[in-house]
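The next block holds one structure in the form of structure tokens; read it before the comments.
The values are calculated or read from the model by the stated rules, or taken from the named source; none is laboratory data. Values in this document were obtained by computation on a predicted structure and should not be read as measured data. Reconstructed Cβ throughout: ideal geometry from the backbone, glycine too, with neighbour counts over all protein chains shown. These area figures cover heavy atoms from the full protein model, side chains too; ligands, DNA and RNA do not enter into them. Shrake-Rupley method; radii C 1.70, N 1.55, O 1.52, S 1.80 Å.
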Amino acid sequence: LTGVLDDCLCDIESIDDFNTFKIFPKIQKLQERDYFRYYKVNLKRPCPFWADDGHCSIKDCHVEPCPESKIPVGIKAGSSNKYSKAANNSKELEDCEQANKLGAVNSTLSNQSKEAFIDWARYDDSQDHFCELDDERSPDAQYVDLLLNPERYTGYKGPSAWRVWNSIYEENCFKPRSVYRPLNPLAPSRGGDDGESFYTWLEGLCLEKRVFYKLISGLHASINLHLCANYLLEENWGKPRWGPNVKEFTRRFDPIETKGEGPRRLKNLYFLYLIELRALSKVAPYFERSVVDLYTGNGHEDAESKALLLDIFRDTKSFHMHFDEKSMFAGDKKGAKSLKEEFRLHFKNISRIMDCVGCDKCRLWGKLQTQGLGTALKILFSEKEIQSLPENSPSKGFQLTRQEIVALVNAFGRLSTSIRELQNFKVLLQQTR
């Protein structure tokens, strides 16, 4: 897999080097910090589209929720412990703290800032959300320690998994009516229209719809790579051994096994990496403000986490071959606005489909990675709002919840891991030849 990616001026080798030597080691360390390892999620939300198939009973599908005692005080306290102690003691902030869910701010507030918070809390920012967020106040929402529940092969497959991916591709990926074959790469072979030649239909789509398909395909490829790289190889007396499964990787990505489709799926993974990398470089000014703090209640750790995050932002800005999102939705204003809204609603629908995944662990990581991508899209389409952020008070025009911040970093961490694992599989394949 080499050369330049479609729809952007970037080559695969440059991304490999940049990811391996700059991004991957730092993003791994950042994901281990308390602020980013605890993710609040509701895994009991019913599937809104079809009758539930029942949950996967395989033990590796299980997610271990985190006991309350393990959650850092600054995270557990939710909105009541977001800012400084002085602010927490202030009764007039109560309404505003109940209403907003930022989780990233910890500083002494002036009266002007308090007013801004209250004003901002009233602001309904659902208009720029690309994902349906879980209600963190729901009794079914639980904290999960992501380090103790790693994404890996669980054995979840069959009709339930098929239906989820089929619904994502067939109902949300702007597929032309003239195309009869399912877009889902898991679809059984249909003969002559298979393989690389099938994708001529993509060339007839506008850039935005091509991008949408590539994002979903890239996410699917990344998830498949994680499953191949962290596969249950054997189970000896209750001691499982996890590791890379070259045979499974070949089945999903080899050009011969996939009739030429495998490399295209991997190119879409690189494309998705570029999109999320671009979002990280664009959102840097939001976090560079002194008013924003990755607050857990441990001042020393919080300062280190923020320093590491800002270091990663510096790296993302130094990469010289970013995807240019300005080429999207650049037609006539009315048409562009309508297309952007359609794009947003399709993606929001995909975030709701994640509540139909029957395996809890797959659902957890599916929701987190979808939300991370949705947050990246929200950032890319909020450039003006981010550039005009006030230094010492929250912004009415753009904000991120703690849930979105954690999803954004971990989703990009998963893509970074995928590209790193791809290098490992290249070495393993050379050894087996």
Using every pair of alpha-carbon atoms in region 354-405, split the distances into 10 Å bins beginning at 0 and state the percent of pairs per bin, rounded to integers. 23, 39, 23, 13, 2
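Work out how much length residue 300 to residue 426 would gain on full extension: take 0.36 nm times their residue separation and subtract the Cα-Cα distance, in nm to one decimal. Don't skip to the answer; put the middle values down first.
On the way: separation 126, 0.36 × 126 = 45.36 nm, distance 4.03 nm.
Full-extension gain reported as 41.3 nm.
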Can you give me the accessible area per residue for region 237-377, using a 1.4 Å probe, in Å²? 40 Å²
Nearest 20 debye, what's the magnitude of the dipole of region 137-188 about its Cα centre given +1 on Lys and Arg Cβ and -1 on Asp and Glu Cβ? 280 debye
Residue 251 paired with residue 148, simple spin-label distance in nm, labels 7 Å along Cα-to-beta-carbon: 3.2 nm
Alpha carbon centroid spacing (whole Å) that separates region 144-158 from region 403-429: 15 Å
About the Cα centre of region 387-431, what is the dipole size in debye to 20, counting +1 per Lys and Arg Cβ and -1 per Asp and Glu Cβ, all else neutral? 120 debye
Contour minus end-to-end for residue 207 and residue 49, with contour as 0.36 nm per residue of separation and end-to-end as the Cα-Cα distance? 54.0 nm
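Determine the gain in length on full extension of the stretch residue 2-residue 337; use 0.36 nm per residue of separation and subtract their C-alpha separation, reporting nm with one decimal.
So the chain would gain 117.1 nm between residue 2 and residue 337.
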Give me the percent of Cα-Cα pairs in region 228-386 that sit more than 18 Å apart, rounded to a whole number. 75 percent
Do any GluC sites (Glu not before Pro) in region 310-398 lie in a loop, going by DSSP, with at most 11 other beta-carbon atoms within 10 Å of their beta carbon, and if so which? 391
Can you list the equivalent-ellipsoid semi-axes of region 345-433, largest first and in whole Å, using the square root of 5 times each Cα gyration tensor eigenvalue? 32, 19, 11
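Given a 1.4 angstrom probe, I'd like the percentage of the accessible area of region 292-354 that is carbon and sulfur, rounded to a whole number. Numbers along the way, then the final one.
Details: 1700 of 3120 Å².
Here carbon and sulfur together make up 54 percent of the probe-accessible area.
Which FRET efficiency, nearest 0.05, do residue 29 and residue 70 yield, Cβ-Cβ r, R0 25 Å?
In this case the efficiency is close to 0.80.
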For region 229-311, the charge dipole (Cβ of Lys, Arg +1; Cβ of Asp, Glu -1; about the Cα centre) points to a positive end, and the Cα of 281, 250, 305 closest to that extreme belongs to 250
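Please report, largest first and rounded to whole Å, the three semi-axes of the ellipsoid equivalent to region 7-52, where each semi-axis is the square root of five times an eigenvalue of the C-alpha gyration tensor.
On the way: eigenvalues 234, 91, 9 Å².
Equivalent-ellipsoid dimensions as semi-axes: 34, 21, 7 Å.
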